[in-house]
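This report concerns only the one structure given below.
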2 protein chains.
Amino acid sequence: MTARLQETVSAIGPLDEAAMARARARQDELTKPRGSLGRLEEIAVQVAGVTGCDRPCLRRKAVIVMAGDHGVVAEGVSAYPSEVTPQMVLNFLRGGAAINVLARHVGARVVVVDVGVASDIPPQPGLIVKKVAYGTANLRREPAMSREQAVEAIEAGIEVLEQELERGLDIVATGDMGIGNTTPSAAIAAAVTGLPPARVTGRGTGVDDRGLALKIQVIEDALSRHCPDPRDGLDVLAKVGGLEIGGIAGVILAAAAHRVPVVVDGFISAAGAAIAAVLAPQARQYMICGHKSVEVGHRALLSFLQLEPLMDLDLRLGEGTGACLGLSLVEAACKILDEMATFSSAGVSRQA
Amino acid sequence: MTARLQETVSAIGPLDEAAMARARARQDELTKPRGSLGRLEEIAVQVAGVTGCDRPCLRRKAVIVMAGDHGVVAEGVSAYPSEVTPQMVLNFLRGGAAINVLARHVGARVVVVDVGVASDIPPQPGLIVKKVAYGTANLRREPAMSREQAVEAIEAGIEVLEQELERGLDIVATGDMGIGNTTPSAAIAAAVTGLPPARVTGRGTGVDDRGLALKIQVIEDALSRHCPDPRDGLDVLAKVGGLEIGGIAGVILAAAAHRVPVVVDGFISAAGAAIAAVLAPQARQYMICGHKSVEVGHRALLSFLQLEPLMDLDLRLGEGTGACLGLSLVEAACKILDEMATFSSAGVSRQA
């Protein structure tokens, strides 16, 4: 590990139990039966622990979308061609993608990062270029990237998060764009959980039965060829991961280090979260799972991360779409804690 | 049935299939894999069918909170005293309750209606008084209300919805306030589904095991004494219902008649929705279920209504809190349909 990554990992401490206790005590003073707002109450208490503030206010919100390409697309594992990755990056920058619509809806800014798109995207306002490589290598044949590139990808995520912190950031959501990236995500899921690839591999953007069988075979080949060490997050990321997945891991680690709550999107983001959790187990406590994806491997990763999704809307788009909707729920949960009247201030009788 | 109620029920037609087909066709042109936004895509198509517009815009939002008291509280079925109903109504009017916080969060107005609070609430700005009675009678001993009062309660809801339409309304959410109202809701659930009361009765705001057993006994007594006819919505509402539950049924019927999508909150609202669905089976298609409540009877009512909840956040507060969060998801779903770029406009390649 380099100094920067090591420093970030070391900065991740436990949640602030005192702030959580104060938040819990306040929840019980608010004009509602105890615990009657369920997950919203829990989430606000978690955010209190993350931020160290017992009435956290989440005004400045961003979704960071990490983009990268995948050499494994050459094996025919995706229903879309790689050229769609830069096309969608341009769509993000013009505001026409699903993530733009949802981010506007919840009042979050969209931050688009090229960590490893296979072509050069013409420089333009809003595009952050942190290109580690022109896509990964084909993980069926060789490691997806070198260990150094894995570190660079994670550090790209750390740098972007820290840049956004300077602009003002109270909560962040992760997102991804990368044609082919359900394959490395499933490979990561299999590597960290020990489950067979067939149990964690889904249809991605929509491959047919033959495509799915091929995808499983590709992942089996990669795992038996490279033998990634499940206790070594950099090894897993380098051998069977993706550059945008590394970037997401970096965003999560830096968010945890700076005590910013992070809403993790679906399957690809959970793969990044798993890498972060292997590198820094305490980072887990800073994560909130936005939604449960249709992708079968997401469940395995959530159980590995011990996260309960906030929503289950049958999404399988990525980009941070589910996390973005999650941002709004987390903000709502914190407003409840901050803005509601108490039994005494409102003159409402308590439970008999 | 009176002329007004009959007129409303008769005005409820089928969804606009042509608008739904146009909305579905547009979904498949947007820059995302087909179907990858799951429930959000389905919901937007449903709203197209409800409104007859293939790119519906849901700007003007309201949550209508119906308040009423329950004579059955004399049996000891609630953890809170009846005086909390008017106290909470005042809390709503001052903006300090959970529903106010969430409505501000999603940009909806809160409309507070006294359909049957047991005391007189001093007149004040924002309070709509449509008081049918000073609470219901104790349904264990006598019918909760007369058939005429059941009609009046429903018509109160119809009137309020039509008044809000005049102010401008694109989507509405239902909410309730009424100490003791999980008891009539469970009685309605048992009556319309035929399930035994023990299967549909929960702890409400938090009764203990003894309180729960008592609640079940009270409902069993009421059902065997009054024998409500499950095919007659007015009979069920009059014998074992509540005034605010009737008001909610009226809001739903009027929303369906005026082709306004209606987000139904948790258990109490679902009881109102069940009354509406018995009176006008087509009304069901205009409903969206905001969330799944902790209350056990909610599941039975959702299956009766054939509705799938959008969220499951372990809420059990009522007031319209879950529906309010649902409003925002429905709005987001319609923005996706309206605002996203198409493959051709964004220059993105289609599936191979």
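The values are calculated or read from the model by the stated rules, or taken from the named source; none is laboratory data. Computed from a predicted model, the values in this text were never measured in an experiment. Glycine gets a Cβ as well: all are built from the backbone with ideal geometry, and neighbour counts include every protein chain shown.
Can you pull out the residues in region B:334-352 that are touching a helix residue (DSSP H, G or I) at 6+ places or on another chain (Cβ under 9 Å) and either more than 7 Å from chain A (Cβ to nearest Cβ) or within 28 Å of A:G211 (Cβ to Cβ) (or both)? Selection gives B:C334, B:I336, B:L337, B:D338, B:M340, B:A341, B:T342, B:A346, B:G347, B:V348, B:S349, B:R350.
Residue-wise test of (1) facing chain B (nearest Cβ under 10 Å); (2) in contact with a helix residue (DSSP H, G or I) (Cβ under 9 Å, 6 or more places away or on another chain); (3) among the hydrophobic types (A, V, I, L, M, F, W, C).
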| position | (1), (2), (3) |
| --- | --- |
| A:G297 | no, yes, no |
| A:L301 | no, yes, yes |
| A:D312 | yes, yes, no |
| A:L317 | yes, yes, yes |
| A:A323 | no, yes, yes |
| A:A332 | yes, yes, yes |
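Considering only region B:30-47, I want to know if a residue exists there that is within 14 Å of another protein chain (Cβ to nearest Cβ), of a type in the set (D, E) and part of a loop (DSSP other than H, G, I, E, B). The answer is no, given that none of the residues of region B:30-47 is within 14 Å of another protein chain (Cβ to nearest Cβ), of a type in the set (D, E) and part of a loop (DSSP other than H, G, I, E, B). Within region A:59-69, identify whether any single residue is under 30 Å from A:A341 (Cβ atoms) and outside any strand (DSSP E or B), and answer yes or no. Looking for residues that are under 30 Å from A:A341 (Cβ atoms) and outside any strand (DSSP E or B), one finds at least one in region A:59-69, hence yes. The single condition from (1) within 21 Å of the chain's Cα centre (by Cα); (2) at pLDDT below 95 that B:V101 fails is (2).
Yes/no matrix, rows are residues, columns are (1) surrounded by fewer than 24 Cβ atoms within 10 Å (Cβ to Cβ); (2) more than 10 Å from the chain's Cα centre (by Cα); (3) not hydroxyl-bearing (S, T, Y):
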| residue | (1), (2), (3) |
| --- | --- |
| B:C227 | yes, yes, yes |
| B:I248 | no, no, yes |
| B:G272 | no, no, yes |
| B:A283 | no, yes, yes |
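Residues are listed down the side, and each one gets a yes or a no for (1) under 20 Å from B:G246 (Cα atoms); (2) touching a Ser or Thr at 6+ places or on another chain (Cβ under 9 Å); (3) among the aliphatic types (A, V, I, L, M):
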{"site": "B:V264", "(1), (2), (3)": "yes, yes, yes"}
{"site": "B:V278", "(1), (2), (3)": "yes, no, yes"}
{"site": "B:A300", "(1), (2), (3)": "yes, yes, yes"}
{"site": "B:L310", "(1), (2), (3)": "no, no, yes"}
{"site": "B:L317", "(1), (2), (3)": "yes, yes, yes"}
{"site": "B:L327", "(1), (2), (3)": "no, no, yes"}
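Restricting region A:184-205 to residues that are touching a Gly at 6+ places or on another chain (Cβ under 7 Å) and assigned to a helix (DSSP H, G or I) leaves a set whose member that is surrounded by the fewest Cβ atoms within 10 Å (Cβ to Cβ) is A:V200.
So that you can scan it fast, the table gives a plain yes or no per residue for (1) more than 18 Å from the chain's Cα centre (by Cα); (2) farther than 23 Å from B:L58 by Cα; (3) surrounded by 22 or more Cβ atoms within 10 Å (Cβ to Cβ):
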site: B:K131; (1), (2), (3): yes, yes, no
site: B:A137; (1), (2), (3): yes, yes, no
site: B:M145; (1), (2), (3): yes, yes, yes
site: B:L161; (1), (2), (3): no, no, yes
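Note on region B:1-29: residues that are of a type in the set (A, V, I, L, M, F, W, C) and in a loop (DSSP other than H, G, I, E, B) total 4. Considering every residue within region B:310-322, establish whether at least one is over 20 Å from B:A103 (Cβ atoms) and touching a Leu at 6+ places or on another chain (Cβ under 8 Å). Among the residues of region B:310-322, not one is over 20 Å from B:A103 (Cβ atoms) and touching a Leu at 6+ places or on another chain (Cβ under 8 Å), which makes the answer no. Take the conditions (1) crowded, with 24+ Cβ neighbours inside 10 Å; (2) in contact with a helix residue (DSSP H, G or I) (Cβ under 6 Å, 6 or more places away or on another chain); A:E244 misses just one of them, which is (2). What about B:L15, is it of a type in the set (A, V, I, L, M, F, W, C), more than 26 Å from B:L315 (Cβ to Cβ) and in contact (Cβ under 8 Å) with a residue 24 or more places away in the chain? In short, yes.
Only one of the listed residues (B:A276, B:A271, B:A257) is under 17 Å from B:A67 (Cα atoms) and more than 9 Å from chain A (Cβ to nearest Cβ). That residue is B:A271. Among the numbered conditions (1) among the small types (G, A, S); (2) in contact (Cβ under 8 Å) with a residue 60 or more places away in the chain; (3) under 21 Å from B:E41 (Cβ atoms), the only one that A:A74 does not meet is (3). In this structure, A:A222 does satisfy being surrounded by 18 or more Cβ atoms within 10 Å (Cβ to Cβ), modelled with pLDDT of 95 or more and more than 23 Å from the chain's Cα centre (by Cα).
Among the residues of region A:114-140, those that are without any contact (Cβ under 8 Å) to a residue 40 or more places away in the chain and either of a type in the set (V, I, T) or more than 16 Å from A:E244 (Cβ to Cβ) (or both) comprise A:D120, A:I121, A:P122, A:P123, A:Q124, A:P125, A:G126, A:I128, A:V129.
A:V111 satisfies every condition listed in (1) touching a residue at least 12 places away in the same chain (Cβ under 8 Å); (2) within 24 Å of A:P281 (Cα to Cα) except (2). For region B:312-327, taking the residues that are part of a helix (DSSP H, G or I) and of a type in the set (G, A, S), the one that is surrounded by the most Cβ atoms within 10 Å (Cβ to Cβ) is identified as B:G322.
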